[in-house]
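Everything below concerns the one structure shown next.
Only the coordinates and a few stated rules stand behind these numbers; no lab work does. None of the values given here were measured: they were computed from a predicted structure. We place every Cβ from the backbone using ideal geometry, glycine too, and count neighbours over all the protein chains shown.
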Amino acid sequence: MVQRRALVGLIAAGTLIAGALTFAPKAIARTQVETPKYTVEATYPSFEVRDYEPRLVAEVTVTGSPSQATNAGFRLLADFIFGNNSKRTEVAMTAPVDRTASEAIDMTAPVDRTAVGDSWVVAFTMPSKYTLATLPTPNDPRVRIRELPGQRYAVTRFSGTPTEPAVERKIADLVARIDAEGLPRTGATPTYARYDPPWTPGFLRRNEIFVELSTPPKADD
């Protein structure tokens, strides 16, 4: 079975968002949130190659089934971005009224879920306005902040609410198509990204599979 992970972000679909309904004032549509920045380097019949810019992520390691782990990770990270952090400033208007006064961090999309042995790493991309120096520090030690370098991915997009076996089939299909095109894969675990809240109709949902590719060296390297 091909393992998967997901590109960094915040809003998940289905059971991912179910655990975040406690934070309803911040649960907004995908069209209103920031997504990681990228450029399209090449387009193929069933996928495209994207170069993503460097970005900050907040992540936690959790255990359980894929849905249980992602739900638990989402709750911990949502707690961090909705105010459980070091910057004791005015509460943003969209922050829940029952939170301790501290800085609320805007939502982004999608959600990241990475298989690591018997555990999962769930990660959110931080808004691009932050740097390591300006991002609030999590109060919960389980939440880690990490800076990711620029990365190249082959990406395929699809709609619906797929089952885990269906996701695995789509990952295997993308890997086969990449290999058929002769593109160099890094060997990193593929990615499954979900962008939308659970009330989004399946045919409107955005799902993506990411497979990391090797980036050619620059001419002056």
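For the reader, a short list of remarks on this structure follows.
- In terms of the mean number of neighbouring beta-carbon atoms within 10 Å, the peptides 123-132, 191-200 order highest first as 191-200, 123-132.
- Remark on Lys37: its backbone amide H falls under 5 Å from those of Glu53, a criterion applied only to residues 5 or more positions apart or on other chains, H modelled at 1.01 Å from N.
- Viscosity 0.692 mPa s, 37 °C: Kirkwood-radius Stokes-Einstein D of the range 110-210 over Cα pairs, µm²/s: 206 µm²/s
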